[in-house]
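Worksheet: one structure, shown below.
The values are calculated or read from the model by the stated rules, or taken from the named source; none is laboratory data. Everything numeric in this text was worked out from a predicted model, so none of it was measured. Heads up, the Cβs are rebuilt from the backbone with ideal geometry, glycines too, and the neighbour counts pull from every protein chain shown.
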Amino acid sequence: MADIGSPSDHSDPSDLKTQDMAQKRTSLAVLAERWRARAEVSPGTLQADLRDAFEERAAILEFDAGLPRAEAERLAWVEVMGTQP
């Protein structure tokens, strides 16, 4: 009969803690990189698809809704990006 409580059947808790900390550092590094990339977003540096969506929405608001261009761009930014410019 096998001894279920045998120490050789279990990982060393300090190894698991080291692995956990390494995973957390990697996750934090990824999140930090994403945050830095997000902080650099502006109408001039938007990715092509977001810029296209922003410009299309601003044009619709300007021409179809009759809004001034500045107001149309402000509202389009909020709708596309979900934040105030």
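Here are some notes:
- Within region 65-76, residues that are among the basic types (Lys, Arg) have Cβ atoms under 9 Å from residues that are surrounded by fewer than 17 Cβ atoms within 10 Å (Cβ to Cβ) in these pairs: Arg74/Gln84; Arg74/Pro85, counting only partners at least 6 apart in sequence or on another chain.
- Any chance Ala53 is in a helix (DSSP H, G or I), modelled with pLDDT of 90 or more, touching a helix residue (DSSP H, G or I) at 6+ places or on another chain (Cβ under 9 Å) and on the phi < 0 side of the Ramachandran plot: no
- Selected residue (only one of Pro7, Pro43, Pro13 is loosely packed, with under 10 Cβ neighbours inside 10 Å and at pLDDT below 65): Pro7
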